[in-house]
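**Q** Let me give you the structure first, and then I'll get to my questions.
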Amino acid sequence: MTFTRRRFLGLAGCTALFPAPARGQGAGPRVVVVGGGFGGASCARALRQLDPRVSVTLVEASATFTACPFSNAVIGGLRELSAQQFTYARVAADGITLVPAMATAVDPAAKSVTLADGTRLPYDRLVLAPGIDIRWGALPGYDEAAAALMPHAWKAGEQTLLLRRQLEAMNDGGLVVIAAPANPFRCPPGPYERASLIAHYLKTKKPKSKLIVLDAKDAFSKQRLFQAAWAELYPGLLEWVPLSKGGAVTSVDAATRTLVTDFGKHQANVASVIPPQKAGRIAEAAGVTDRTGWCPIDPVTFESTLQRGIHVVGDAAIAGAMPKSAFAANSQAKSCAAAVVTLLAGGTPAAPKLINTCYSLVAPDYGISVAGVYAPSGGQLADVPGAGGVSPANAPRATRAAEAVLAEAWFHTITGEVFG
């Protein structure tokens, strides 16, 4: 079914978190949150809003958060990286203790988090929101040195700018190749939005060039919408090669920017290799990852099924039908905060309903989206039938332009809620 994007944006706005009064901490239960992205910062602020007696500590090594949503627009030259960057000043104003350090270890038995300098932070409940790490070496030839030549740009920041600079330096008539990984990975529509906005850049700046997407899958998020848009906007410029036609990259040679598949080799002028991923490293150190590298959780409380007293939200969690996205992390964080407050008070958390919406830009004035509602079912988070949907097919360009405006509004809404 088709979902009303305006209604979804309204839901996002209605759940905005307002700063709770700063109060003395130390008398109430102690919750440590590790990771200051959309999941961690949202959870920390929600905890203080729900119960200001809870002492909340947010551990985040970076003083500035750089958002991944809309970072593809930075790569495509449509916005500056500064528009993606946010500080934690308003988070601290909520009475949350900020610890600018790297968490290196967790002792679940002693209920403590160890920082890089050896400091230990005790907790009654721990929330991990570590995002992703790259599985270096999982794709033969792709390691940290290779990423300096063939950027993944899947963590926004310097990699984002590196890919942009490479595109700007490429001669007209060059070949750009994007390698998309198998599921699961952060932001399922992300590689295809990236392909779209790079194609837009090439069309307007370097029209003799070509873009190929080598994909380890035969299907992807919003596929029909993306492919219809590509046929309309970028015919002959953008080619998608699925798994069944030899799209899976089996190895890379970074020195020559060559991507190898079972069907042949592609030597690129610019290559963006999005490799396999896993939960951020502190999750493994805490003992909350399984053999997949991700974190199994209780769908009601987001408590780890492997370590009691530790909750996991955002990209690192195995969240069933919920994708790994900023909106999903924000939604999970609020539900987790409510469950933690209830558990600290000795209560039984209620089953949540969670929402997610994801906008993608195919061009600056062409947006598409997908929305979903999720609830616990059979031990995991499952789609609520009939509650979500995607942008209508065959919609007029005015509708696509309106969705592009809504995408920008969504970004300002969620970043304002989490960091503003």
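Each value in this text was obtained by applying a stated rule to the coordinates, not by laboratory testing. Given the structure is predicted, the values throughout are model-derived calculations rather than measurements. A quick note on method: Cβ atoms are made from the backbone with ideal geometry, for glycine too, and the neighbour counts reach across all protein chains shown.
**Q** Any chance you could run the full-extension gain for residue 227 through residue 135? It's 0.36 nm times the residue separation minus the Cα-Cα distance, nm to one decimal.
**A** Contour length minus Cα-Cα distance gives 30.2 nm.
**Q** Round to the nearest 10 and give me the degree value, 0 to 90, for the angle of helix 190-205's Cα axis relative to the longest principal axis of the chain.
**A** 40
**Q** Run the simple label-point estimate for residue 208 and residue 49 please: 7 Å along Cα→C-beta, distance reported in nm.
**A** Between residue 208 and residue 49, the simple spin-label model gives 5.4 nm.
**Q** Place a label point 7 angstrom from the Cα of residue 82 along the Cα-to-Cβ direction, then list the residues of segment 384-412 whose backbone nitrogen is under 20 Å away.
**A** What the label zone holds, given the 20 Å backbone N cut-off, is 412.
**Q** Right, next: Report, in degrees rounded to the nearest 10, the 0 to 90 angle that the Cα long axis of helix 223-233 makes with the longest principal axis of the chain.
**A** That helix lies at roughly 40 degrees to the long axis.
**Q** Based on the mean of other beta carbon atoms within 10 Å per residue, what is the order of 376-384, 174-182, most packed first?
**A** Result, highest mean first: 174-182, 376-384.
**Q** Then there's this: Which of the following values of Cα extents along the principal axes in Å was calculated from the structure shown: [x] 66, 45, 40; [y] 63, 47, 35; [z] 103, 52, 46?
**A** Label of the calculated value: [x].
**Q** What is the ratio of the Cα radius of gyration of segment 144-273 to 2.2 N^0.38 Å, where N is its residue count, to two decimals?
**A** Taking the Cα Rg and dividing by 2.2 N^0.38 Å, one obtains 0.97.
**Q** Could you give the nm distance between label points at residue 62 and residue 394, where each point is 7 Å from its Cα heading toward the beta carbon?
**A** Spacing of the two 7 Å Cα→Cβ label points: 4.3 nm.
**Q** Now, a different point. How about segment 250-319: which chymotrypsin sites (Phe, Trp or Tyr not before Pro) there are in a DSSP loop, with at most 14 other Cβ atoms within 10 Å of their Cβ?
**A** Working: sites: 263, 294, 302; in loops: 263, 294, 302.
Counting only loop positions with at most 14 other Cβ atoms within 10 Å, the chymotrypsin sites (Phe, Trp or Tyr not before Pro) in segment 250-319 are 263.
**Q** Need one number: nm distance between label points at residue 143 and residue 281, each 7 Å from Cα along Cα→Cβ, rounded to one decimal.
**A** Calculated label separation equals 1.5 nm.
**Q** Still on this structure, please answer the following. Taking the 0 to 90 degree range and rounding to the nearest ten, how far is the long axis of helix 38-50 tilted relative to the main principal axis of the chain, both from C-alpha atoms?
**A** 30
**Q** Might you report the magnitude of the Cβ-based charge dipole of the chain about its Cα centre, with Lys and Arg at +1 and Asp and Glu at -1, to the nearest 20 debye? Can you show the working numbers first?
**A** Working: 39 positive and 30 negative charges, 116 e Å.
That gives a dipole near 560 debye.
**Q** Past 29 Å, Cα to Cα: identify those pairs from 222/245; 206/278; 208/278; 245/353; 217/334, in the order given.
**A** Working: 222/245 20 Å; 206/278 35 Å; 208/278 37 Å; 245/353 39 Å; 217/334 32 Å.
The answer is 206/278; 208/278; 245/353; 217/334.
**Q** Provide 170, 150 in ascending order of the number of other Cβ atoms located within 10 Å of each residue's Cβ, fewest first.
**A** The fewest-first ordering by Cβ neighbours comes to 170, 150.
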